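The next block holds one structure in the form of C-alpha cells; read it before the comments.
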Number of protein chains: 2
Amino acid sequence: MSHLAMLENPDQEVNSVMLVDGQLNYVAEKSATSSVYNRYEIDEPPEDRQADVERQLCTEKLLAQYRQHLQDKSSHHLGYPFNLELNVGPLQQFQNLHINNLGDPFIESNYGVHSRQFEVAVLDWFARLWDLPKDQCWGYVTNGGTEGNMHGLLVGRELFPEGIIYASRDSHYSIFKAAKMYRVQCIKIDTYSTGEMHYADFASQLLQNTGRPAIVNVNIGTTMKGAIDDLDEIIRILQDCGYEDKFYIHCDAALAGLMMPFIKHAPRVTFKKPIGSISVSGHKLMGCPMPCGVTINRSKDVTAVMSTNIEYVASRDATITGSRNGHAPIFLWYTLKSIGYKGICREVEMCIKNAQYLTSRLKKIGVSAFLNKASSTVVFEKPGDQAFVRKWQLACERSIAHVVVMPNVTTKMLRIFVQELAESRHAFLSRTEANIPCVAMDIGQENCLCSLHDVVVHHSRI
Amino acid sequence: MSHLAMLENPDQEVNSVMLVDGQLNYVAEKSATSSVYNRYEIDEPPEDRQADVERQLCTEKLLAQYRQHLQDKSSHHLGYPFNLELNVGPLQQFQNLHINNLGDPFIESNYGVHSRQFEVAVLDWFARLWDLPKDQCWGYVTNGGTEGNMHGLLVGRELFPEGIIYASRDSHYSIFKAAKMYRVQCIKIDTYSTGEMHYADFASQLLQNTGRPAIVNVNIGTTMKGAIDDLDEIIRILQDCGYEDKFYIHCDAALAGLMMPFIKHAPRVTFKKPIGSISVSGHKLMGCPMPCGVTINRSKDVTAVMSTNIEYVASRDATITGSRNGHAPIFLWYTLKSIGYKGICREVEMCIKNAQYLTSRLKKIGVSAFLNKASSTVVFEKPGDQAFVRKWQLACERSIAHVVVMPNVTTKMLRIFVQELAESRHAFLSRTEANIPCVAMDIGQENCLCSLHDVVVHHSRI
C-alpha cells in the first residue's frame, strides 16, 4: 500500500511527496518543503540604508500576500472544527504586550504583566456550566485540547499510579500520546460504526483487569465523527464491574463540551456525576485566534497530587506548561462576555441545523453521509479527487471525510461545497471508471449508498 | 517557618494570604483571589438594547484600564527574563485570524490556515546558529521553554528507555516536572555557589549508575543565576566514566541560548558536539508577545522514536501539543528578519554592559551582588521590603533576588531601581533593626557584603 500526500505551496504551487508504506521519506519531504518555502528564508538585513528600506517593503508585501492567502484558505475551510469568524474588537490594543500567566491561575505570582483576572472569570464561567461549586474548582486556560487531555490523564495517573487508561479507538490521538508519555498501559476499546464506545467490550476489558484502577477517557464528541460516549452507561459499568471508587474519569470535551449543555435531550456532562476532569477547546466553537482550551478539575485532586510550590515564581505549579499564554484568556473572556450562554445556544442551534441541512443535501446527490445525534460533524464518503480535498481542507480517515459545521460556516458555503463535490465526484468516477465507494465499514451499512448496500437497504425496506 | 505571599489586585488593592509551613491554604487563597477579581465576572448580556450598549461601554473601559495597568506594570518590571519591548509592526493584520500549525512543521497537513513557511524559516535560522545542517535538523516552535525541555527529555527517554535523568539542582523546575511526568528516575547534581554544575558530584553519580544510560540536562543559563554548565566538561566526564554512546544531552538554553553565540570567549553550544537537543525561549530576548520557544533536534532521533503518522491531519505528530500556535512563528520570523544576527549581537552586548553597570552600582551602595560570566542576570541580596519586591516584580529564592537585564531595560530604569532599593533598604534595616543579610550560602563568601564576610574579605585583602 502506498499513497500520495500532497505538499501545498501557500503561493499555489503544488509539490508531491511519497508516503511509502505509511512511512514518510523524511529527507525528501523536508527538502521539498524547504524549497517551496525559500522566499521566507531569514536573511541578514543589509548595511545600506536604502537597501534596508527596500527590503522592509518587500517583507511587508510578502506579509500582505500571506494575509490574502490565509483569507482565501479560510473561506474554503470546512474540514477542521475551527471557528474562523473572529471579532477581536478592542483586544487589538493588547497585541504588543507580553502577557504571561505563569504558575497557578488562582495564586498571584510576583510577575505583574498577567491576565489572571480574566482567566479566573473564564474558569468560573465553565465551572457554572458544568455544575462545580467555585470553592471546589481548579483549572486553567491551556494551549489547546491536547494539553487539557494531558493534564486530566496526569491527574488520573497521580491519583491511581497503578491505573490503566481505557479509551475508545475513536479517541483523539493525544490520549494515546499521553499514555505513552506517562508510561501507563492503555487499553483501546472497540467502537460502533457511529464512533461511540462499545460498552460490552469496555465491560469485558474491565473484568479482565479488576486488580488495577481504571482511568477512563470519555469522548464528548469524537474527533472524526462527533460521537458522544454515554457517561452514565460508563459509570454504571464501572460500578457493576466492582470498580466502586477505584476509577477516574476524564472527559475529552474538546469539540462538543460547549455544545452539549445547549442541546435539548443531550446527555448531561456535569461534575454532579463522579468525574474528575473536563477539558474543552477554545479555538473551536469560541473562535480564539490561537489554539487554546480550558481544563477544569476538582481542586481537592489537584491539591492532593499535582501541587508543587515554586519559589521562583512565588506561586504553585500544577499546570503542564508553566509560563502560559496571557492573551488567550482575554479572548475567551471577551467572547463569552459578548455573546453569553444565550448567544452560544443560538450558535449551537444554527450549527446543528446547518449540519442537518448538509447531511440531507449530500444524501440527495447520492453521497453516503451520516450525522450523529447532538453533533455538527457531518461524516461522508471520502472524495476521490485530492485537489478537492485540499481545496476544502477536509480531514480524512480511511473511507470517510468530515465537515465540522462551525458558526462561520454559512448555508451558502455549504451549497457551493455540495455542488462542487457533485461535479468533482462525477468527473472522478467517470475518469477512473470506479464504483461508488463503500463506506459501510466506517459509518454502517444503513448509511452506505454504494451499489451493494443501497440495494440491500432498498430491498429490506420493501 | 511561615511567610506571607501577597495577592495583588490589578487595581492597586492588596490582599494577603498565608502560606503556612510552605503549604497554601487553597480554599482561602482562592476565595480571596476571587473577591479581588469580581469585577471581571462574566455576566449574561442583557436583553435590553440600551442596557447592552452601556454594558459594552463598561467592558471597553475595563479593558482600557487593564491596558493602562499592564503598561504601568511593564515599566516597573525587572524580575523575569521577558523582553517587553515589542514592535508588532505589520503583524497587527493577523490578529483576527485563527492560525494553527497542527502536526509536523515540515509536513503540510490538509489544514491550510497555517504559518509553517515562517516556522520552517525560523528553524533554519536556529539550525544555522547551532551548526546543524538543514537536512539533519528537526524542530518546532513551542509554547515556551517548558515544552522545549519536555520534548528534549522525551526524545532522550525514548532513545534510552532505561536512562536516568541527571540535572543540577539549579535547573528549571520544568526538568523535574518532566522527570516525574515521564516516570524517569532523576538525580539532582550539586551546584557551586555560581549556580554551575558541580562536576565532581556529577562524575561520582555517574559512576554509581554505570549500568544505565544517562540523559543529561545541561543548563545554558540557569533560571536564577544565569549560570552556564560547561558542556565540554560534561561530555568529557561522560566519556571518562565509560558512557561512550550511552548518553543523551539536552541543552536547556531557554535564557542564554540566543546570547552565547554572540559573546566573545563564551563556550560554544553547537551540534558539532554530541548533543541531542537545544531549546530556547522566544519571549525572552526576542520579545514575542506570548510565551513561545524553539526546540531543535537531530532529525534521525525524532524519526527513530517520536513519529506517529496521524491520518486525521494527514501529517505526522512528533510534537508535544499537536495543535500549535501559528502566530508565534510569525512574530519570531519578523523579529529575526528585522534585526538579524548583528542586531541580536548588539542587543546582547548592551544587556551584558547594563548588567555589569547594575552590578557595580549595587556593590557601590553596599548590596551584595554577583554576575556570572556571559550573563545578564544580576543576582543580589533579597530586599526585605515586600512592597518593593512586588513593585519591581522581582523573582526571589532563599536569600537572593535577581534582575534579568533584557533589551527593554534602560540604564535610566536601572538608576531609578538602585536609588529606590537604597532608600527602601535603609528604611527597612532601620525599622527592623536587622543586620545586613548574609548571602554567602547563595552567592559565595567572596560576593557577600554582610558584616561577617565583608570584614573577612577585607582582612584577607590586607
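The values are calculated or read from the model by the stated rules, or taken from the named source; none is laboratory data. Predicted, not measured: the structure shown is a model, and the values here were computed from it. For neighbour counting, all protein chains shown are included, and Cβ atoms are generated from backbone atoms with ideal geometry for every residue, glycine included. To get the accessible areas, we keep the full protein, side chains included, count just its heavy atoms, and leave off ligands, DNA and RNA. Shrake-Rupley method; radii C 1.70, N 1.55, O 1.52, S 1.80 Å.
One residue is enough: does segment A:224-240 have a residue meeting the conditions at pLDDT 90 or above, small (Gly, Ala, Ser) and outside any loop (DSSP other than H, G, I, E, B)? Within segment A:224-240 (the criterion being at pLDDT 90 or above, small (Gly, Ala, Ser) and outside any loop (DSSP other than H, G, I, E, B)), the answer is no, since none of the residues qualifies. For segment A:83-94, residues that are open to solvent by 10 Å² or more (accessible area, probe 1.4 Å) and either at the interface with chain B (Cβ under 7 Å from one of its Cβ atoms) or within 30 Å of A:ASN297 (Cβ to Cβ) (or both) total 6.
Across segment B:60-81, the number of residues qualifying as under 27 Å from the mean Cα position of the chain (by Cα) and either more than 7 Å from chain A (Cβ to nearest Cβ) or open to solvent by less than 10 Å² (accessible area, probe 1.4 Å) (or both) comes to 13. Look at B:LYS363 and say whether it is open to solvent by 30 Å² or more (accessible area, probe 1.4 Å), touching a residue at least 60 places away in the same chain (Cβ under 8 Å) and in contact with a strand residue (DSSP E or B) (Cβ under 6 Å, 6 or more places away or on another chain). So B:LYS363 fits the description; yes. Looking across B:ASP190, B:ASP201, one residue alone is within 24 Å of the chain's Cα centre (by Cα) and charged (D, E, K, R). It is B:ASP190.
Of the residues that sit in segment A:333-360 and are of a type in the set (S, T, N, Q) and surrounded by 21 or more Cβ atoms within 10 Å (Cβ to Cβ), which one is nearest to A:GLY195 (Cα to Cα)? The qualifying residue nearest to A:GLY195 (Cα to Cα) is A:ASN354. For segment A:388-445, which residues satisfy the criterion of being in contact with a Pro (Cβ under 8 Å, 6 or more places away or on another chain), buried (at least 18 other Cβ atoms within 10 Å of the Cβ) and not polar (S, T, N, Q)? The answer is A:VAL389, A:LEU394, A:ALA401, A:VAL404, A:MET406, A:LEU421, A:ARG425.
Can you find even one residue in segment A:303-312 that is within 14 Å of chain B (Cβ to nearest Cβ), surrounded by fewer than 24 Cβ atoms within 10 Å (Cβ to Cβ), charged (D, E, K, R) and in contact with a Gly (Cβ under 9 Å, 6 or more places away or on another chain)? Within segment A:303-312, none of the residues are within 14 Å of chain B (Cβ to nearest Cβ), surrounded by fewer than 24 Cβ atoms within 10 Å (Cβ to Cβ), charged (D, E, K, R) and in contact with a Gly (Cβ under 9 Å, 6 or more places away or on another chain).
Scanning segment A:131-153 finds one or more residues that are among the hydrophobic types (A, V, I, L, M, F, W, C), assigned to a helix (DSSP H, G or I) and buried (at least 24 other Cβ atoms within 10 Å of the Cβ).
So for segment A:249-262 (the condition being within 25 Å of A:CYS137 (Cβ to Cβ), among the small types (Gly, Ala, Ser) and within 14 Å of chain B (Cβ to nearest Cβ)), does at least one residue qualify? Scanning segment A:249-262 turns up at least one residue that is within 25 Å of A:CYS137 (Cβ to Cβ), among the small types (Gly, Ala, Ser) and within 14 Å of chain B (Cβ to nearest Cβ).
Going by what's in this entry, would A:ASP317 be described as away from every other protein chain (no Cβ under 12 Å), among the acidic types (Asp, Glu) and closer than 28 Å to B:MET290 by Cα?
Values: away from every other protein chain (no Cβ under 12 Å): no; among the acidic types (Asp, Glu): yes; closer than 28 Å to B:MET290 by Cα: yes.
Taking the combined requirement at face value, the residue does not satisfy it.
Just one of the numbered conditions (1) open to solvent by less than 10 Å² (accessible area, probe 1.4 Å); (2) at the interface with chain B (Cβ under 7 Å from one of its Cβ atoms) is not true of A:ASP104: (2).
Is it true that A:GLU233 is touching a helix residue (DSSP H, G or I) at 6+ places or on another chain (Cβ under 7 Å) and surrounded by fewer than 19 Cβ atoms within 10 Å (Cβ to Cβ)? Yes, satisfied. When segment B:174-217 is filtered for residues that are open to solvent by 10 Å² or more (accessible area, probe 1.4 Å), touching a helix residue (DSSP H, G or I) at 6+ places or on another chain (Cβ under 7 Å) and within 14 Å of another protein chain (Cβ to nearest Cβ), the ones remaining, listed by number, are B:VAL184, B:CYS186.
Given the criteria outside the structural domain of B:ARG390 (by TED's automatic domain parsing), farther than 30 Å from B:TRP392 by Cβ and modelled with pLDDT under 95, does B:CYS58 qualify?
Considered against the rule, which asks whether it is outside the structural domain of B:ARG390 (by TED's automatic domain parsing), farther than 30 Å from B:TRP392 by Cβ and modelled with pLDDT under 95, B:CYS58 comes out as yes.
Is one or more of the residues making up segment B:320-343 among the charged types (D, E, K, R) and more than 10 Å from every other protein chain (Cβ to nearest Cβ)? Give the steps one after another, and end with the answer.
Within segment B:320-343, the first condition is being among the charged types (D, E, K, R), and the residues that meet it are B:324, B:337, B:342.
Filter once more, keeping what is more than 10 Å from every other protein chain (Cβ to nearest Cβ): none.
The answer is no; no qualifying residue exists.
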